[in-house]
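*Asks:* The structure that follows is given in the form of C-alpha coordinates.
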Amino acid sequence: MKIHTVIEHLKKTQDKLVNHPIYDNIKNIDDLKIFMENHVYAVWDFMSLLKGLQTNLTCVKNPWIPVENTEAARFINEIVLEEETDEIQSHNVTSHFELYLDSMKEIGANTNEIYTFIDAIKSSNNYRETINQYNISGEIKDFLNFTFDIVDSKEVHKIAAAFTFGRENVIPDMFIEIVKGLNKENSSIADKFVFYLERHIELDGDDHGPIAIKMIENLCGNDPNKWEDVKKIAKKSVEMRIKLWSHINNLIKCQ
(Lines give C-alpha, C1' and ligand atoms only; values in the text may rest on other atoms or scores of the structure.)
Protein backbone atom coordinates (compact mmCIF):
# COMPACT_ATOMS: atom_id res chain seq x y z
CA MET A 1 0.00 0.00 0.00
CA LYS A 2 1.21 3.51 -0.84
CA ILE A 3 0.13 7.05 -0.06
CA HIS A 4 -2.06 7.33 -3.15
CA THR A 5 -4.18 4.46 -1.81
CA VAL A 6 -4.84 6.42 1.39
CA ILE A 7 -5.71 9.55 -0.59
CA GLU A 8 -8.14 7.61 -2.78
CA HIS A 9 -9.70 5.99 0.30
CA LEU A 10 -10.35 9.46 1.75
CA LYS A 11 -11.76 11.10 -1.36
CA LYS A 12 -15.50 10.73 -0.68
CA THR A 13 -15.14 11.75 2.97
CA GLN A 14 -12.99 14.76 2.13
CA ASP A 15 -15.48 15.79 -0.55
CA LYS A 16 -18.15 15.91 2.17
CA LEU A 17 -15.90 18.19 4.21
CA VAL A 18 -15.07 20.51 1.32
CA ASN A 19 -18.75 20.74 0.38
CA HIS A 20 -20.04 21.13 3.93
CA PRO A 21 -22.92 23.68 4.24
CA ILE A 22 -21.08 25.61 6.95
CA TYR A 23 -19.21 27.60 4.28
CA ASP A 24 -22.45 28.94 2.82
CA ASN A 25 -23.86 29.78 6.24
CA ILE A 26 -21.06 32.08 7.42
CA LYS A 27 -22.67 35.23 6.07
CA ASN A 28 -21.70 37.96 8.52
CA ILE A 29 -19.30 38.80 11.32
CA ASP A 30 -21.60 37.36 14.00
CA ASP A 31 -21.55 34.02 12.17
CA LEU A 32 -17.76 34.19 11.96
CA LYS A 33 -17.55 34.89 15.70
CA ILE A 34 -19.52 31.74 16.48
CA PHE A 35 -17.33 29.75 14.15
CA MET A 36 -14.06 30.98 15.64
CA GLU A 37 -15.19 30.71 19.28
CA ASN A 38 -15.83 27.01 18.75
CA HIS A 39 -13.15 26.17 16.20
CA VAL A 40 -10.39 27.62 18.39
CA TYR A 41 -10.31 24.40 20.44
CA ALA A 42 -9.32 22.51 17.30
CA VAL A 43 -6.59 25.07 16.64
CA TRP A 44 -5.30 24.43 20.16
CA ASP A 45 -5.30 20.63 20.02
CA PHE A 46 -3.59 20.71 16.63
CA MET A 47 -0.54 21.98 18.50
CA SER A 48 -0.68 18.90 20.73
CA LEU A 49 -0.66 16.62 17.68
CA LEU A 50 2.36 18.58 16.50
CA LYS A 51 4.19 18.25 19.80
CA GLY A 52 3.18 14.60 20.08
CA LEU A 53 5.07 13.97 16.86
CA GLN A 54 8.06 16.00 17.96
CA THR A 55 8.20 14.28 21.36
CA ASN A 56 8.16 10.82 19.81
CA LEU A 57 10.41 11.50 16.81
CA THR A 58 13.11 13.71 18.34
CA CYS A 59 15.03 13.88 21.58
CA VAL A 60 13.51 16.61 23.78
CA LYS A 61 15.14 15.70 27.08
CA ASN A 62 18.56 15.64 28.70
CA PRO A 63 20.89 13.93 28.30
CA TRP A 64 20.46 14.07 24.55
CA ILE A 65 20.74 10.80 22.66
CA PRO A 66 20.65 10.20 18.89
CA VAL A 67 17.23 9.44 17.45
CA GLU A 68 16.50 6.36 15.38
CA ASN A 69 14.89 8.17 12.45
CA THR A 70 16.73 11.40 11.70
CA GLU A 71 14.81 11.99 8.47
CA ALA A 72 11.44 11.94 10.25
CA ALA A 73 12.93 14.09 13.02
CA ARG A 74 13.96 16.66 10.41
CA PHE A 75 10.47 16.61 8.87
CA ILE A 76 8.69 17.39 12.13
CA ASN A 77 11.24 19.95 13.33
CA GLU A 78 10.74 21.91 10.10
CA ILE A 79 6.99 22.01 10.69
CA VAL A 80 7.30 22.87 14.39
CA LEU A 81 9.53 25.83 13.58
CA GLU A 82 6.75 27.60 11.69
CA GLU A 83 3.69 26.36 13.56
CA GLU A 84 5.03 27.19 17.02
CA THR A 85 7.37 30.09 16.23
CA ASP A 86 6.40 31.54 12.86
CA GLU A 87 8.02 34.80 11.79
CA ILE A 88 5.22 36.87 10.33
CA GLN A 89 4.56 40.52 9.54
CA SER A 90 7.07 43.08 10.93
CA HIS A 91 9.36 40.27 12.10
CA ASN A 92 6.88 39.29 14.80
CA VAL A 93 7.40 35.72 16.06
CA THR A 94 4.29 33.90 17.24
CA SER A 95 2.55 30.53 17.26
CA HIS A 96 -0.35 29.99 14.91
CA PHE A 97 -2.59 29.45 17.93
CA GLU A 98 -1.75 32.93 19.21
CA LEU A 99 -2.23 34.30 15.69
CA TYR A 100 -5.72 32.79 15.71
CA LEU A 101 -6.48 34.40 19.07
CA ASP A 102 -5.40 37.78 17.68
CA SER A 103 -7.75 37.18 14.75
CA MET A 104 -10.60 36.50 17.16
CA LYS A 105 -9.93 39.70 19.06
CA GLU A 106 -9.88 41.72 15.86
CA ILE A 107 -13.48 40.78 15.03
CA GLY A 108 -14.69 41.06 18.63
CA ALA A 109 -15.08 37.32 19.24
CA ASN A 110 -15.08 36.12 22.85
CA THR A 111 -11.64 34.78 23.86
CA ASN A 112 -12.36 34.56 27.60
CA GLU A 113 -13.55 30.96 27.42
CA ILE A 114 -10.51 29.60 25.58
CA TYR A 115 -8.13 31.49 27.89
CA THR A 116 -9.94 30.10 30.94
CA PHE A 117 -9.79 26.64 29.40
CA ILE A 118 -6.02 26.94 28.81
CA ASP A 119 -5.54 28.10 32.41
CA ALA A 120 -7.50 25.06 33.62
CA ILE A 121 -5.32 22.76 31.50
CA LYS A 122 -2.15 24.40 32.84
CA SER A 123 -3.14 23.84 36.48
CA SER A 124 -4.57 20.35 35.99
CA ASN A 125 -2.95 17.10 37.03
CA ASN A 126 -5.21 15.23 34.61
CA TYR A 127 -5.86 17.13 31.41
CA ARG A 128 -8.23 14.49 30.04
CA GLU A 129 -10.40 14.81 33.12
CA THR A 130 -10.30 18.59 32.77
CA ILE A 131 -11.48 18.36 29.17
CA ASN A 132 -14.35 16.05 30.05
CA GLN A 133 -15.51 18.12 33.01
CA TYR A 134 -15.14 21.49 31.30
CA ASN A 135 -18.18 23.47 30.21
CA ILE A 136 -17.86 22.98 26.47
CA SER A 137 -20.12 21.11 24.09
CA GLY A 138 -20.04 17.34 23.77
CA GLU A 139 -19.03 17.66 20.13
CA ILE A 140 -15.94 19.67 21.04
CA LYS A 141 -15.09 17.21 23.82
CA ASP A 142 -15.43 14.31 21.36
CA PHE A 143 -13.11 16.09 18.93
CA LEU A 144 -10.49 16.76 21.60
CA ASN A 145 -10.73 13.27 23.07
CA PHE A 146 -10.20 11.69 19.67
CA THR A 147 -7.09 13.83 19.20
CA PHE A 148 -5.63 12.91 22.57
CA ASP A 149 -6.47 9.23 22.16
CA ILE A 150 -4.20 9.36 19.12
CA VAL A 151 -1.51 11.41 20.86
CA ASP A 152 -1.55 9.17 23.94
CA SER A 153 -1.08 6.07 21.78
CA LYS A 154 2.51 7.27 21.18
CA GLU A 155 2.34 5.47 17.81
CA VAL A 156 3.89 8.02 15.53
CA HIS A 157 2.40 6.76 12.28
CA LYS A 158 -1.09 7.17 13.79
CA ILE A 159 -0.32 10.67 15.08
CA ALA A 160 1.12 11.56 11.68
CA ALA A 161 -2.04 10.30 9.96
CA ALA A 162 -4.32 12.48 12.10
CA PHE A 163 -1.96 15.43 11.69
CA THR A 164 -1.58 15.14 7.92
CA PHE A 165 -5.04 14.19 6.75
CA GLY A 166 -7.18 15.57 9.57
CA ARG A 167 -5.46 18.94 9.83
CA GLU A 168 -2.81 19.96 7.33
CA ASN A 169 -4.95 19.66 4.22
CA VAL A 170 -8.52 20.46 5.29
CA ILE A 171 -8.78 24.25 4.92
CA PRO A 172 -10.58 24.76 1.59
CA ASP A 173 -9.69 27.77 -0.51
CA MET A 174 -13.38 28.70 -0.53
CA PHE A 175 -13.14 29.64 3.13
CA ILE A 176 -10.75 32.46 2.34
CA GLU A 177 -13.14 33.79 -0.30
CA ILE A 178 -15.97 33.85 2.26
CA VAL A 179 -13.91 35.87 4.75
CA LYS A 180 -12.68 38.22 2.04
CA GLY A 181 -16.32 38.78 1.12
CA LEU A 182 -17.10 39.67 4.73
CA ASN A 183 -14.20 42.13 4.69
CA LYS A 184 -15.66 43.98 1.72
CA GLU A 185 -18.85 44.53 3.68
CA ASN A 186 -17.16 45.39 6.98
CA SER A 187 -14.12 47.53 6.15
CA SER A 188 -11.62 44.70 6.39
CA ILE A 189 -12.54 43.84 9.96
CA ALA A 190 -11.21 40.29 9.57
CA ASP A 191 -7.84 41.08 8.00
CA LYS A 192 -5.92 39.02 10.56
CA PHE A 193 -8.08 35.97 9.97
CA VAL A 194 -7.57 36.29 6.22
CA PHE A 195 -3.83 36.43 6.88
CA TYR A 196 -4.06 33.36 9.15
CA LEU A 197 -5.88 31.38 6.46
CA GLU A 198 -3.59 32.52 3.66
CA ARG A 199 -0.51 31.70 5.73
CA HIS A 200 -1.84 28.19 6.38
CA ILE A 201 -2.63 27.54 2.75
CA GLU A 202 0.79 28.86 1.74
CA LEU A 203 2.63 26.65 4.23
CA ASP A 204 0.42 23.59 3.82
CA GLY A 205 0.52 23.69 0.04
CA ASP A 206 4.18 24.54 -0.45
CA ASP A 207 5.90 23.06 2.59
CA HIS A 208 4.03 21.36 5.42
CA GLY A 209 1.68 19.26 3.32
CA PRO A 210 4.40 17.67 1.15
CA ILE A 211 6.67 17.26 4.19
CA ALA A 212 3.88 15.56 6.16
CA ILE A 213 3.24 13.14 3.27
CA LYS A 214 6.95 12.28 3.14
CA MET A 215 6.90 11.76 6.90
CA ILE A 216 4.07 9.21 6.65
CA GLU A 217 5.85 7.37 3.84
CA ASN A 218 9.00 7.33 5.97
CA LEU A 219 7.19 6.07 9.08
CA CYS A 220 5.14 3.37 7.34
CA GLY A 221 7.69 2.10 4.85
CA ASN A 222 6.51 -1.29 3.57
CA ASP A 223 4.56 -2.24 6.71
CA PRO A 224 1.00 -3.06 5.56
CA ASN A 225 -0.36 -2.90 9.12
CA LYS A 226 0.86 0.67 9.56
CA TRP A 227 -0.60 1.70 6.23
CA GLU A 228 -3.94 0.20 7.24
CA ASP A 229 -3.79 2.16 10.52
CA VAL A 230 -3.10 5.34 8.54
CA LYS A 231 -6.15 4.73 6.33
CA LYS A 232 -8.44 4.24 9.33
CA ILE A 233 -7.10 7.15 11.39
CA ALA A 234 -7.07 9.51 8.41
CA LYS A 235 -10.70 8.79 7.57
CA LYS A 236 -11.81 9.03 11.19
CA SER A 237 -9.97 12.35 11.54
CA VAL A 238 -11.87 13.85 8.62
CA GLU A 239 -15.15 12.43 9.95
CA MET A 240 -14.50 14.08 13.32
CA ARG A 241 -13.90 17.40 11.55
CA ILE A 242 -17.19 17.01 9.68
CA LYS A 243 -18.95 16.31 12.98
CA LEU A 244 -17.42 19.46 14.49
CA TRP A 245 -18.35 21.51 11.40
CA SER A 246 -21.96 20.26 11.65
CA HIS A 247 -22.14 21.25 15.32
CA ILE A 248 -20.85 24.75 14.62
CA ASN A 249 -23.11 25.07 11.61
CA ASN A 250 -26.12 24.26 13.80
CA LEU A 251 -25.05 26.94 16.29
CA ILE A 252 -24.83 29.48 13.47
CA LYS A 253 -28.26 28.58 12.11
CA CYS A 254 -29.90 28.72 15.58
CA GLN A 255 -28.56 32.12 16.68
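The values are calculated or read from the model by the stated rules, or taken from the named source; none is laboratory data. Just so you know, these numbers come straight off a predicted model, no measurement behind them. Surface areas here come from the heavy atoms of the whole protein model, side chains and all, with no ligands, DNA or RNA. Shrake-Rupley method; radii C 1.70, N 1.55, O 1.52, S 1.80 Å.
*Asks:* From the P(r) of the chain, can you give the percent of Cα pairs sitting at distances over 21 Å?
*Replies:* 60 percent
*Asks:* Using a 1.4 Å probe on the protein heavy atoms, what percent of the accessible area of the chain belongs to carbon and sulfur?
*Replies:* Reported share for carbon and sulfur atoms: 48 percent.
*Asks:* Report the relative contact order of the stretch 4-157, percent, no decimals, based on alpha-carbon pairs under 8 angstrom and at least 6 residues apart.
*Replies:* In percent, rounded to a whole number, it is 27.
*Asks:* Then there is this: Out of residues 5 or more away from Ser137 or on other chains, whose amide H comes under 5 Å of its own, with H placed 1.01 Å from N in the peptide plane?
*Replies:* HN-HN under 5 Å from Ser137: empty list.
*Asks:* Classify the stretch 77-168 as rounded, prolate or oblate from the Cα gyration tensor: take a ≥ b ≥ c as the square roots of its eigenvalues, call it rounded if a/c is under 1.5, otherwise prolate when a/b beats b/c and oblate if not.
*Replies:* The shape class here is oblate.
*Asks:* Given only helices, namely DSSP H runs of n ≥ 4 each adding -39500 (n - 2.57), what is the per-residue ellipticity at 222 nm of the chain, to the nearest 500 deg cm²/dmol?
*Replies:* -24000 deg cm²/dmol
*Asks:* Work out from phi, with θ = phi - 60° and the Karplus expression 6.51 cos²θ - 1.76 cosθ + 1.60, the ³J(HN,Hα) of each residue of the stretch 130-140, listed in order in whole Hz, and give x for Gly and Pro.
*Replies:* Using θ = phi - 60°, the values come out as 4, 4, 6, 9, 6, 7, 10, 5, x, 5, 5 Hz.
*Asks:* Follow-up. So, for the chain, what is the accessible surface per residue at a probe of 1.4 Å, expressed in square angstrom?
*Replies:* 49 Å²
*Asks:* Another question about this same structure. In whole Hz and in residue order, list the ³J(HN,Hα) couplings for the stretch 105-114 that follow from phi through the Karplus curve 6.51 cos²θ - 1.76 cosθ + 1.60, θ = phi - 60°; x for Gly and Pro.
*Replies:* Karplus-based 3J(HN,Hα) across the stretch 105-114 equals 5, 4, 8, x, 6, 7, 9, 4, 5, 6 Hz.
*Asks:* State the volume of the convex hull built on the alpha-carbon positions of the stretch 1-67, expressed per residue in Å³ and rounded to an integer.
*Replies:* Roughly 119 Å³ of hull volume per residue.
*Asks:* Using each residue's phi in the stretch 92-104, evaluate 6.51 cos²θ - 1.76 cosθ + 1.60 at θ = phi - 60° and report the 3J(HN,Hα) Karplus result to the nearest Hz, with x for Gly and Pro.
*Replies:* 7, 9, 7, 7, 5, 5, 5, 4, 5, 4, 4, 5, 5
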